[in-house]
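Novice: Structure incoming, see below.
The values are calculated or read from the model by the stated rules, or taken from the named source; none is laboratory data. This is a predicted model, so every value here is computed, not measured. Glycine gets a Cβ as well: all are built from the backbone with ideal geometry, and neighbour counts include every protein chain shown.
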Amino acid sequence: MKRCLSCNTAFDSSDWTCTSCGRSPAMIDRVLCFAPQLAEQSDGYDPSRYQTIATFQTSYFWFRGRNELIASQLKKYFPAARRLLEIGCGTGQVLRAIKEAIPRIDLHGTEIHTHGICYAKDLLPDVNFMQVDARAIPYAEEFDVICAFDVIEHIDDDIGVLKEMYRSCRADGGIILTVPQHRWLWSHKDEMACHKRRYTREELETKTSAAGFKIVAATSFVTILLPLMYFSRLRRQRIAEKDAHTEFHISPIMNRIFFACSRIENFFIRMGLGLPFGGSLMLIGMKEKSRD
């Protein structure tokens with residue numbers, strides 16, 4: 001069901017005009033905008049980074065390894081899913097990976113900045129994209145799976161986002177989250193990425209449970225490379241690191257080696273082995289049917 005953000009009415013209609021109050025979202029550059037005041041700039045993410053991400057996302061080992069892990073966990077925990085929503089879809093590269101791995105799923109994506117949606121629409125013209133503030137998702141019990149990949153760490157009210165995901169998720173559906181892990185890894189790179197926090201597993205599980213989801217799985221990843229990641233963050237060369245591209249500048253050989261490490265981790269995770277430590281954390285939660 002669609003949900004009017006003005007009067008909170010849930011309605012089923014071919015368009016977005018509320019059947020109760022008559023309100024409808026704005027249209028900017030052929031994109032439906034539910035939070036137009038945030039479409040150009042917010043404090044959670046620097047929209048200038050989209051160009052950087054679009055340039056490196058198809059080749060950089062971290063993105064490729066994460067995409068493979070996401071696809072495998074979707075197949076494992078949501079084998080019958082028909083409709084998927086990605087919150088904070090960025091340039092659309094994750095949705096493209098999901099589409100390639102599971103072509104039958106009906107894909108939808110939201111992003112706070114219209115900059116990202118422009119890239120995503122060019123990449124995936126058949127996917128439904130909208131500009132949405134994750135703290136106010138215009139759906140109710142609509143999707144089998146709702147995903148947020150390295151998104152909620154950018155938002156002060158992360159519990160509010162999780163509650164909105166719960167509202168928008170169908171019973172017996174669920175969520176997949178990825179977030180940066182370990183507070184002791186906090187560095188200037190997190191500041192450049194506009195992170196509000198790095199998570200502990202306990203914190204993420206507690207907040208997800210408070211939103212209503214049942215935790216069914218959680219695992220770290222970027223485990224093999226964690227020592228290297230830690231020591232790289234000890235170097236406080238702030239002047240050099242102000243170049244947003246610096247973190248992606250590694251040799252092709254090292255990129256292949258690091259991607260091989262990701263695939264080794266992904267193999268063990270697919271086999272059901274949850275990894276206890278890593279630079280990132282993945283969580284799968286389910287929305288159970290009401291017993292009333």
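Novice: Please verify whether A80 is over 17 Å from the mean Cα position of the chain (by Cα), at pLDDT 95 or above and aliphatic (A, V, I, L, M), treating the condition exactly as stated. I'd like the intermediate steps shown before the answer.
Specialist: Numbers: over 17 Å from the mean Cα position of the chain (by Cα): yes; at pLDDT 95 or above: yes; aliphatic (A, V, I, L, M): yes.
Criteria met by A80.
Novice: Would you mind finding the one in T223, T219, T206, T178 that is assigned to a loop (DSSP other than H, G, I, E, B), modelled with pLDDT of 95 or more and of a type in the set (S, T, N, Q)? Quick ask: steps written out before the conclusion?
Specialist: Working: T219 fails: assigned to a loop (DSSP other than H, G, I, E, B); T206 fails: assigned to a loop (DSSP other than H, G, I, E, B); T178 fails: assigned to a loop (DSSP other than H, G, I, E, B).
Selected residue: T223, the only one of T223, T219, T206, T178 that is assigned to a loop (DSSP other than H, G, I, E, B), modelled with pLDDT of 95 or more and of a type in the set (S, T, N, Q).
Novice: Of these, I155, I159, which one is hydrophobic (A, V, I, L, M, F, W, C), surrounded by fewer than 22 Cβ atoms within 10 Å (Cβ to Cβ) and modelled with pLDDT of 95 or more?
Specialist: Details: I155 fails: surrounded by fewer than 22 Cβ atoms within 10 Å (Cβ to Cβ).
Of I155, I159, the one residue that is hydrophobic (A, V, I, L, M, F, W, C), surrounded by fewer than 22 Cβ atoms within 10 Å (Cβ to Cβ) and modelled with pLDDT of 95 or more is I159.
Novice: Which numbered condition in (1) at pLDDT 95 or above; (2) β-branched (V, I, T); (3) under 15 Å from the mean Cα position of the chain (by Cα) is the only one that I112 fails?
Specialist: Of (1) at pLDDT 95 or above; (2) β-branched (V, I, T); (3) under 15 Å from the mean Cα position of the chain (by Cα), only one is false for I112: (1).
Novice: A further question on this structure: Residue by residue through the stretch 107-163, note down the ones that are more than 24 Å from F213 (Cβ to Cβ) and in a helix (DSSP H, G or I).
Specialist: Result: T114, H115, G116, I117, C118, Y119, A120, K121, D122, L123.
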